[in-house]
Amino acid sequence: MSRVCAVSGKKPMSGNNRSHSLRATRRKWNVNLQKVHVVVDGKPQTIKISARALKTLKAGKKA
């Protein structure tokens, strides 16, 4: 199971941890994925969507 948003396509970012002495070790920032039940083409499905994309979709639903 990959950590990719089904709507926006966001993936984990990578970079460095920096200690007080500025030593660099690799680290990863994962996407805040949520499992959401959605009806797609008349069929209920569970998709993984980022929290930001979910917030955007809910905001568009109100208007």
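Taken together, the values in this text are just the output of simple stated rules run on the coordinates, not laboratory data. The structure presented is a predicted model; accordingly, all values stated were derived computationally and were not measured. Quick reminder, even Gly has a Cβ in these numbers, built from the backbone with ideal geometry, and neighbours come from all protein chains shown.
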In debye to the nearest 20, the charge dipole size for the chain, taken about the Cα centre with +1 at each Lys and Arg Cβ and -1 at each Asp and Glu Cβ, equals 260 debye
Gaussian network model of the chain, springs between alpha carbon atoms under 10 Å - residue of Lys43, Lys11, Lys35 with greatest fluctuation: Lys43
As a check on your grasp of the helix formula, calculate [θ] at 222 nm for the chain: sum -39500 (n - 2.57) over DSSP H runs of n ≥ 4, divide by the residue count, round to the nearest 500. -6000 deg cm²/dmol
Just checking my list [x] 88; [y] 106; [z] 66 against volume of the Cα convex hull per residue in Å³ computed from this structure; which label fits? [y]
Where a Cα-Cα gap under 20 Å defines reach, which lysines qualify for Lys28, not counting those fewer than 8 residues away within the same chain? Lys10, Lys11, Lys48
Have a look at Ala51, His37, Thr25 and report the one farthest towards the positive end of the charge dipole of the chain, computed about the Cα centre with Cβ charges (Lys/Arg +1, Asp/Glu -1). Thr25
